[in-house]
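**Q** I have a structure I would like to understand better, so I am pasting it below and will then ask my questions one at a time.
What follows draws every value from the coordinates through simple rules; no lab data is involved. Here the structure is a predicted model, which means the values were calculated and not measured. Note: ideal-geometry Cβ built from the backbone for every residue, glycine included; neighbour counts use all protein chains shown.
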Amino acid sequence: MVVKERLQKVLARAGVASRRKAEDLITEGRVTVNGKVAELGMSVSAADTIRVDGKRVERKVETVSYMLNKPSGVVTTLQDERGRDNVMNYLPKVPGLHPVGRLDMDSEGLLLLTTDGEMTLQLTHPRYEKEKEYRVWTREGTLSAAALALLEQGIELEDGMAKVVVAKLAEGGCTLVLNEGRNRQVRRMLAAVGYLVTRLVRTRIGKLELGDLPTGEYRELSAHEFKLLGYTQSS
C-alpha cells in the first residue's frame, strides 16, 4: 500500500498557494504530475513529481512512522548486497524511511520504521531503556525455573554482562522483557543457559503491542501509539 494525499493539500503544504487557490491552479491545467496534466481530486504519493507552470514543486518533508510485523527470513536493512529479502520491500518507498533498531533475520514480530531521526534515537539509545518483550520457543521446550533465575541474575556474554528485566515461563519456551538490544542478545543468553531458540517473536516495544497485525503487513502509527511509546511525534 502506498500512502497518498490529495494534490491540493500537498501543494498548499509546500507553500505554492492556499488549498483553494491550488484547486484553481489544477482546474486551469497549470499543474502536472509525472508529466501529465493533473485533475482536480487526484491523489499523489511521495514518489510522484509535481510541477506548477513547469517548475518542480519541492515538498516539505513530514515525518512518517510505521509498525511492521516482520516475517522470519527477512533482513533488517535498507538494502542487502546479497540480494536477500529485506524489510524495506514491505513498506512504501518514502525518502528517509529506515528501521528503528533491528530484528535479526530469523526473528519475527514488531519492528518500527520511521523518517524521524529523534524517534530512532529515543527508542534505541541505551540511556532511554525502552522495554522490549519477546515470546521465545526453544528446542528443549519450556525453560526451567533455574534457567529463568539465571537470566534475571545476569549472564556474562562475550560483550559484557546481560540480564533480562522480567522472565516468565511460557509453553515451549518463555517470555522475556529486556531494556537493551544487543546483537542476537536473546539467542545468546538462552544458549548460555542451555537452550536453543527455534522461534523468536518481538511482541512489544514500550507499551506498544504488536496485537493482531498479520505477518508481513504494516500500518502507520496513530497519535495514541506514539504516546504508548513514550514519544512526542515530530511536527
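**Q** Working from the alpha-carbon coordinates of the range 174-214, get Rg over Rh, Rh being the Kirkwood radius.
**A** Reported Rg/Rh, Kirkwood definition of Rh: 0.99.
**Q** While we're looking at this one, here's another question. Would you mind calculating the gained length between Met161 and Ala149 on full extension (0.36 nm times residue separation, minus the Cα-Cα distance), in nm to one decimal?
**A** 2.8 nm
**Q** Taking the alpha-carbon distance from Lys132 and a cut-off under 20 Å, which lysines remain once sequence neighbours fewer than 8 residues away in the same chain are dropped?
**A** Qualifying lysines at Cα under 20 Å: Lys70, Lys163, Lys168, Lys207, Lys227.
**Q** For the range 70-162, how big is Rg over Rh, using alpha carbon atoms and the Kirkwood form of Rh?
**A** 1.03
**Q** From the Cα trace of the chain, what convex hull volume per residue do you get, rounded to a whole Å³?
**A** 142
**Q** While we're looking at this one, here's another question. Take the Cβ-Cβ distance between Ala170 and Asp85 as r, set R0 to 25 Å, and report the resulting FRET efficiency rounded to the nearest 0.05.
**A** It comes to 0.30.
**Q** For Thr203 and Glu140, what is the calculated FRET efficiency with R₀ set at 35 Å and r taken between the beta-carbons, to the nearest 0.05?
**A** Efficiency computed from Cβ-Cβ geometry: 0.95.
**Q** Taking the Cβ-Cβ separation of Asp106 and Arg56 as r and a Förster radius of 30 Å, what is the calculated FRET efficiency to the nearest 0.05?
**A** With R0 = 30 Å, the Cβ-Cβ based efficiency is 0.10.
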